[in-house]
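FYI, it's all coordinate maths here, none of it is from the lab. Keep in mind that what you see is a predicted model, and the values were worked out from it rather than measured. Because the Cβ atoms are built from the backbone with ideal geometry, glycine has one as well, and the counts that use them run over all protein chains shown.
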Amino acid sequence: MHNSNFVRTRRNLIASLMTVLLLVLGAFGQYDPDPNSPTPVLLTEYDSTRALVQRANLSRRTPLPVSGQLAFAPNSKATLYVTNIALMDGEVANAFRIDAEDAKGRHYLFAVVDIQPMKEDGLYAITVLLRDEAGFWEPPTADGDLLIALTWRGLTSNRARLGLGVTGGAIKDDPGAVPMPLGSTPKTTISRTLKAVSGSKAFSGVPDADYGGGYPFSGDRKRFLEQATFGPTVAIDQRIRRIGLRTWLAEQLDAQYPSLNNPYPDLPLKSTNQNDVTLGCGPSDGSTFYRLCSRDYYSMYPVQKWFYTEALYGGDTQLRHRVAWALAQMWVVSGVDTQQASWMITYYKILSRNAFGNYRTLMKEMTLNPGMGNYLDMARSTKGNPNENYPREIMQLFTVGLFMLNQDGTLQRDASNNPIPTYSQDTVNNLTKVMTGWTFCNTTCPSSQPGIVNYKDPLILNQTNHDVTAKTLLSYPNAVNQTIPVNLNGATELDMALDNIFNHPNVGPFVSKYLIQQLVTSNPTPAFVGRIAAVFNNNGLGVRGDMRAVVKAILLDPEARGDVKTDPNYGKLREPVQLVTNLARRFDVKSASLGGPSDGVINNLSANIGQSTFTSPTVFNFYPPDYVIPGTSLPGPEFAIMTTSTSIGRANLGNSMVYSQIAVSENAPAGTKLDFSEMTALATADPTCNRLLDALNERMMHNTMSAQMRSSILTAVTSIASTNPAARAQSAVYLVATSSQYQIQR
Amino acid sequence: MKETRRDFLKKSGCALSMAALATQMQHLGMMSALAQKMDDASPEGGGAYKALVLVYMAGGNDGNNVVIPNHSDATISNYGVYSAARSAQGLAIPQAQLLPIAVPRMGGLTYGLNPNLGPLAAGGINNGIHELWAQGKMAIVPNCGTLVKPMTKTTYQNGTVQKPYQLFSHSDQVNQSQTSISNGQSFSGWGGRVADKMNAASNPTGLLPMITSISGAQLFTAGQTTLPLAINNASTSLANVLNPSGFTNTGGPARLTSFNQLRTYDLSPNYINAASHVTDLAMQANSALSSTQEVTVAFPTSSIGLQLKQVARLVKERLDLNINRQIFYVQVGSFDTHTFQLTGQTTLLQQFSQAVRAFYDEMTAQGTQNDVTLFTLSDFGRTFIPAGTGAGVGTDHAWGNHMFAIGGSVAGGDFYGVNGSNGTPFPTLSVGTSAPDDTDNGTSAKGRWIPTTSVDQYAATLAKWYGLADADQAAVFPNIGNFTTSNLGFLP
């Protein structure tokens, strides 16, 4: 299933290079194992695609059944049999899910609630609860077979029949589906002992990758770069091929940020009053001075330009930039509210500085960030006029979330199956009192200027405005600082309250799941969330909230890695920013003349399809992390801004980027254009355009383009005369770039 | 039910596919002779045209400054009570500025609307919505909010009645007002569920989905089988609003063919299926929206003005689109006025009033004023006690709020809803321990009204007028049985 053939053909070459590589790797190299997990196989009857099945809760010593002629009621449990899996220490039932399709074409996600090794080597009994996990659907009608597949680490098994209510019914087997009885499939040789959850950081089920240094897995390199950067380029792909993922990660985690040739814009504070002639831009007189002054100080233009320049061209800074951007969509402040670039830069520095730091530090610095203080009103909250905006949102959106979570990110439920609120309005009221008394440092800080709101230095405490009554904060087992006594200093109380929040057990799974959704996949398995939350809770050295360890664990997780992902519920819609930067980087983005670099003034491209950077419509970001795609039970945050309108907008984005350019103008001093010369050369060299399609398949689709898709694009491309290879290349790129197959990062 | 693209195409029918093909060609300017519109076909099924238009006041509109006692009756909260609570911090609207409305339900007492709902001193293009009250075309449902079951201060405080989850939180209260389900999370909106039940019978040959949002993806519009149309506001013509560009380039027609083919491939991965499904819906709607009739009334150029203008265009196109029943979502905001409410809310209410009045007048011009009902919802109301003082004064998140319903079929000029402890649907404007409608006791109480009328009742009243069968009511509004009535009577 994975790349063993590829690897074997390379073995001799690699062996001959091994000595050299060892010398290099010995200094700083880190070993990357084979990223490919085996593909699970659901056992079926010998002569049909009906899954072997029995009632749940029978003894594990019960012999393997020979028949699948049992039917199950909705909400009951069924035991199925799987082989060809290789479990890590601590990898248990929540690493698996069942995707079930009924005769009406509806898909359900069933939870796997138990897994037990059988006496047969490499064979496991898994117990499935026949109820949609999201609880959105009514149960499937119990009138015949479902087609079920077991998914694990982004891979999917064969699909087999399972009778619901009765066996039989209208659903048809997949084309080419064959029986998969015991003995028809390769057995893995991994120990079948299931160990209790431990701290093991084992990466893959395949312990001995038979290749040398570097990272030869072409498909997974591109997938990795889509997750860790703003898009693969030839240069970075070749570098990872050479040095491997872990070495590259180590470089990125320690690199200076931002890039040397793209420093943060250094913008002076300006009056919040735009009509203030002495401190603002003067009268709105249409002068060039007024135009440029407004643009540079009272709009997000310089921040967006800087941000996109770093995304397009940053080298060693890609990972930090990517994670900071993910955090910016969690700890949202918006330029819609305060249109000044200077404070947005101050805010963004906190995100980037702490992207690989400690989450507790991020919480403190962000709480006292004057931009946040302005946006969510903490800078105006006093004991006489307390404001609960920030206290509510720091809990709801930035740390613990609304409902009590298990450590794998799933909801805890009470006896009536209802989710359990994490806190009450009373908690909000109490935290509000804690957070009173802070204000802008307008006179005594390094950036203070008379008469100007200081959006650069942290908020300062005015103890006379601080509510010194006693408070009761978040309650949880062994809660830190659940109560705060009377008459404390506000700064002391703030630290106590942040410790109370930071140590709440929800923070690990809440932050981990959010980051996984941003970087890897919209619907991670609970096991994936649980593995990352465990790292958040303890980085191995007893430290909680170590983001460096968290980011690394996400990107090296076996659910993130692998050349091919076949789970039907794996992946995510590319957000507009990622769609734009991935296309731009993939096709060597340059200035409008192609004579130099782009100026980074490309925010309009993403803004047109729902994501104008640094101007989120509300604190809930451009899209909420718990959005469910209408008509499905599938979480898909980015789908909240995928409407009929923006779907056409995405096609038009493809049209702009492939067939047009951003011309030079006052706001775009160099302009932007993609360079398709390499693709055009391929179309020139091979008039059948197969090489062009091969290149696009490898670079954009991780080598997963279907035969149908390729054939359709080839027909369109070759309808253009071979004397016009540039148009052929453009047509091919447009079709891949605008396809749903590419819009979904998988 | 999840719908595969195959199902969708099957349901859409052959006629649509042909029309779609023809109009795509027209867009390309190649074969306009083929692009036959279905002008002559009168809509089948479903009866006369009706539409619901939701104006969502995003961020939580401070209803306490929109509908205000304008009397001095000492037996019930009067202007003095209002003024005493809000004037010291500068948030009270002077009584002389209130736009009077007589309210039969309140024994004929006079209340007052925020002055920004009437003629404007400058920049107005119409007289606003205030005068629709006297014309009997506008009703108010006071103190309406999310509820699981009827609730009093006693049951709120002793916990014997289930509360809506996460009261006072924006995202959750938005979701609950749009789903009409407050006892747990729901992934479908009540508009979407109404459409699930009614679309097949009401719009059997409709060329658009039953629901259109002019404000992006909204939970209100999402059903279990219904996907909404989402389009740009009137700054883009209907003909261009979903029209992909660039297929006139070299190789364009062949590229369009492939572009359309790719949407039908590789649909096993559910995310790819979902993305293709949305794009497909857009391309089909694009085919249907090839010609445009313009409105005749002047609309403001604010966002809400342009949104409602686009709705008015679609209403005018209803025959060409074979639509008998239609639901629209538009949005104005943000009303989240923790600070600087005086300037912020003023601007937004002016935009709201001017745009809604233009829309009502346009419906009258089209002769559809009795067929179209516009109504408001918001995240929640805001605290009666202000936060901050002076120019920066604002209000915090609260609960019950005052809703508006406007249209020729509305039995306007009155309050509707369930009476509270004071014997009327209007809350008692007092705060703290002795206040019957405030959630909290003590000195930190801020005046968060416990609703007497639920969003469910309000929504069910609208849905019944729209044509939702009684037999389907419980499926669309699963908690409606918890309340004494499902019809508040403002749409007889």
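Run the dipole for chain B about the Cα centre, Lys and Arg Cβ at +1, Asp and Glu Cβ at -1, nothing else charged, and hand back the magnitude in debye, nearest 20.
440
Which residues make up the longest stretch of chain B clear of GluC sites (Glu not before Pro) that lie in a DSSP loop with no more than 12 other Cβ atoms within 10 Å, not counting the sites?
Formally, the longest exposed-site-free interval is B:45-293.
Defining a contact as two alpha carbons under 8 Å apart and six or more residues distant in sequence, what relative contact order in percent does segment A:502-553 show?
30
Within segment A:340-365, which residues have the backbone N less than 14 Å from the label spot 7 Å out from B:T347 along Cα→beta-carbon, could you tell me?
The answer is A:340, whose backbone nitrogens lie closer than 14 Å to the label point.
Would you mind getting me the FRET efficiency between B:N419 and B:A298? Use the beta-carbon distance for r and R0 = 45 Å, nearest 0.05.
So the FRET efficiency works out to roughly 0.65.
What's the magnitude of the charge dipole for segment A:518-598 around its Cα centre, counting Lys and Arg as +1 and Asp and Glu as -1 at the beta-carbon? Answer in Debye, nearest 20.
The dipole magnitude comes to about 160 debye.
Across chain A, how large is the tail of the calculated P(r) beyond 40 Å, expressed as a percent of all Cα pairs?
Value for chain A: 39 percent of Cα pairs lie more than 40 Å apart.
Taking Cα pairs under 8 Å and at least six residues apart, what relative contact order does segment A:522-667 come out at, in percent?
20 percent.
Would you calculate a helix-derived [θ] at 222 nm for chain B, using -39,500 (n - 2.57) for each DSSP H run of n ≥ 4 and dividing by the full residue count, to the nearest 500?
-10000 deg cm²/dmol
What percent of all Cα-Cα pairs in segment B:103-212 falls into each 10 Å bin, going from 0 up to the bin containing the maximum distance?
Going from the shortest bin to the longest, the percentages are 11, 23, 24, 32, 9, 0.
May I ask you to evaluate 6.51 cos²θ - 1.76 cosθ + 1.60, the Karplus curve with θ = phi - 60°, for each residue of segment A:712-722 and list the ³J(HN,Hα) values in order in whole Hz, giving x for glycine and proline?
5, 5, 4, 4, 5, 5, 7, 6, 8, 4, 5
Where in segment A:567-592 is the amide nitrogen less than 13 Å from a point lying 7 Å along the Cα-to-Cβ axis of A:R241?
none
Would you mind ranking A:I460, A:I350 so that the residue whose beta carbon has the fewest other beta carbons within 10 Å leads the list?
Sorted ascending by nearby Cβ count, the order is A:I460, A:I350.
Across peptide A:621-631, how many C-beta atoms of other chains are within 10 Å of each residue C-beta, on average?
The shielding value for this peptide is 6.
Note down the nm distance, to one decimal, between modelled labels 7 Å out along Cα→Cβ at A:A681 and at A:N538.
5.4
Can you report the principal axis dimensions of segment A:577-730 using only the alpha carbons, biggest first, rounded to whole angstrom?
On the principal axes, segment A:577-730 reaches 51, 45, 23 Å in Cα extent.
Return, in residue-number order, each cysteine of chain A whose C-beta is not under 4.7 Å from any other cysteine's C-beta.
That list is A:C689.
Could you please tell me the mean projected area of the C-alpha convex hull for segment B:306-347, averaged over all directions and given in square nanometres to one decimal?
3.8
Give the calculated FRET efficiency between A:D89 and A:D173 to the nearest 0.05, with a Förster radius of 51 Å applied to their Cβ-Cβ distance.
0.90
Can you sort A:D626, B:D438 from fewest to most other Cβ atoms within 10 Å of each residue's own Cβ?
Neighbour counts put them in this order, fewest first: A:D626, B:D438.
Over 29 Å between Cα atoms: which of A:K349/A:K513; A:K471/B:K163; A:K104/A:K513; A:K119/A:K513; A:K104/A:K222 fall into that group?
Pairs exceeding the cut-off: A:K104/A:K513; A:K119/A:K513; A:K104/A:K222.
Would you work out which of A:V41, A:N523, A:G165 lies farthest towards the positive end of the dipole of chain A? Charges go on Cβ: Lys and Arg +1, Asp and Glu -1.
Checked the options; the winner is A:V41.
Towards the positive end of the charge dipole of the protein assembly as shown, with charges on Cβ (+1 Lys, Arg; -1 Asp, Glu), say which of A:P268, A:S447, A:A235 has the farthest Cα.
The residue sitting most towards the positive pole is A:A235.
I want to check the label-to-label distance for B:I125 and A:S448. Put each point 7 Å from Cα in the C-beta direction and report it in nm to one decimal.
5.0
Quick one: which of A:253-263, A:668-678 comes out on top by average Cβ neighbours within 10 Å, and what's the full order, highest first?
A:668-678, A:253-263
Once the Cβ-Cβ distance between A:D626 and A:T715 is put in as r, and R0 is 30 Å, what FRET efficiency do you end up with, to the nearest 0.05?
Using R0 = 30 Å, I get an efficiency of 0.15.
So what is the calculated 222 nm ellipticity per residue for chain A, using -39500 (n - 2.57) for each DSSP H run with n of 4 or more, over all residues, to the nearest 500 deg cm²/dmol?
Rounded to the nearest 500, the figure is -11000 deg cm²/dmol.
Normalised by the number of residues in chain B, what is the relative contact order in percent for Cα pairs under 8 Å and 6+ residues apart?
RCO, chain B: 27 percent.
Can you sort A:T79, A:T684 so the residue with the fewest Cβ neighbours within 10 Å comes first?
A:T684, A:T79
If packing is taken as the mean number of other Cβ atoms within 10 Å per residue, what is the order of B:262-269, B:248-255, highest first?
Most protected by this proxy first, the peptides run B:262-269, B:248-255.
At a 10 angstrom cut-off on C-beta neighbours, averaged per residue, how do the peptides A:332-345, A:159-172 rank from highest to lowest?
Top of the packing list down: A:332-345, A:159-172.
Which listed residue (A:S416, A:N429, A:N385) has the Cα farthest towards the positive end of the charge dipole for segment A:355-496, taking +1 on Lys and Arg C-beta and -1 on Asp and Glu C-beta about the Cα centre?
A:N385
To the nearest whole number, what is the average tally of beta carbon atoms from other chains within 10 Å of the beta carbons of peptide A:706-718?
That average works out to 4.
When you look at the Cβ of every residue in A:735-743, what mean number of other chain Cβ atoms sits within 10 Å?
Average neighbour count from other chains, rounded to a whole number: 6.
Would you please calculate the Kirkwood hydrodynamic radius of chain B over all C-alpha pairs and express it in Å, rounded to one decimal?
By the Kirkwood definition, the hydrodynamic radius is 23.5 Å.
Rounded to the nearest 20 Debye, what is the dipole magnitude of segment A:437-526 about its Cα centre when Lys and Arg each give +1 and Asp and Glu each give -1 at the C-beta?
In total the dipole reaches around 220 debye.
A:E120 versus B:A411, label points 7 Å from Cα toward the beta carbon: distance in nm?
Those two pseudo-labels are separated by 7.1 nm.
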